Amino acid sequence: MAAIVADLGNSRLKLGRVDRERRLGQTLSLPLDDPGRLLAGLGVLGVPSPESATWAISSVNPPLAERLEVFLAAQGVAQATWYRAAADVPMDMDVEGAETGGADRALGVLAARSRVERGRALMVVSCGTAVCIESVDSNGVWRGGSIGPGLAVAARALHLMTAQIPVVAIDAPPPPRGRGTVSSLEAGVFWGVVGGIRELLDRQGALLGGEPAVFWTGGDAHLIAPAVAGPHARLTPNLVLEGLALLIPPAATA
């Protein structure tokens, strides 16, 4: 039976197929709440129908998660494990409110832990709708982190909370100084987010001690990571799906 992992976020649905060694293979990014595109995506991944796969699904979007669960049940899916909160992810953590915290944060940490040598601290920077920075100590315990606005949220908030500021979409690092309203907005939003991440990495890193490994993930990581960490930033775009893949029972991929 095929094994499928799915991450239902605030802006996209990401799918991936898991091989017999529980390694993540091909992945797809799809629009939210589009059953037709989901079925077509499964075909691309070599899965003939939803019910022919074992599913592991994370979600930070309860309304759409409920609709996806109903859809999969209607398609005959009998084997689906849901990760709706951080507390659902089996790992060592010392955080408050894990029962309501995002499962995606915990899954990214789980995957990052599997990539570093034992005894080394690490940090995960997820650059999506929100920018989340997670800290994991040298014993492998997730100690929490920070949550702030991502690029699109920051730009949208400025537009909604003012009378004359337009919406900007940033698809490349802008100059740090603009000559007009739009270019000034691009500079403020992008480099403001970059500066905030730098500060939090320094402060959270000091609490961990040593030199933590830093992993970058999320849709905007390819823009933000090089601006913060340089061209050798460790980009891991599918870290949440990798975490889900680690939780697929080995028998399910046989």
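The values are calculated or read from the model by the stated rules, or taken from the named source; none is laboratory data. Since this is a predicted model, take the numbers as computed values, not measurements. Note that each Cβ is placed from the backbone with ideal geometry, even for glycine, and that neighbours are counted across all protein chains shown.
Data for the structure
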item: So Leu32, is it farther than 20 Å from Leu246 by Cβ and either modelled with pLDDT of 95 or more or buried (at least 20 other Cβ atoms within 10 Å of the Cβ) (or both); result: no
item: Options Ala221, Ala227, Ala213: the member that is modelled with pLDDT of 95 or more and touching a Cys at 6+ places or on another chain (Cβ under 9 Å); result: Ala221
item: Lone qualifier among Arg23, Arg17, Arg84 - being under 21 Å from Val109 (Cβ atoms) and either modelled with pLDDT of 95 or more or under 15 Å from the mean Cα position of the chain (by Cα) (or both); result: Arg84
item: Criterion violated by Glu51 - all others in (1) within 29 Å of Met123 (Cα to Cα); (2) of a type in the set (Asp, Glu); (3) surrounded by 14 or more Cβ atoms within 10 Å (Cβ to Cβ) satisfied; result: (1)
item: Verdict on Ala56 being aliphatic (A, V, I, L, M), out of contact with any His (no Cβ under 9 Å at 6 or more places or on another chain), closer than 23 Å to Cys127 by Cα and free of Cβ contacts under 8 Å to residues at least 24 places away in the same chain; result: no
item: Among (1) without any contact (Cβ under 8 Å) to a residue 60 or more places away in the chain; (2) outside any helix (DSSP H, G or I); (3) under 19 Å from Ala3 (Cα atoms) - the single one Ala98 does not satisfy; result: (3)
item: Qualifying residues in the range 121-174 (those that are in a loop (DSSP other than H, G, I, E, B) and among the charged types (D, E, K, R)) - the one farthest from Leu201 (Cα to Cα); result: Asp171
item: Residues satisfying the stated conditions in the range 79-95, i.e. crowded, with 16+ Cβ neighbours inside 10 Å and either acidic (Asp, Glu) or farther than 20 Å from Ala6 by Cβ (or both); result: Asp88, Met93, Val95
item: From the options Arg203, Arg198, Arg179, Arg234, residue that is closer than 30 Å to Ile4 by Cα and basic (Lys, Arg); result: Arg234
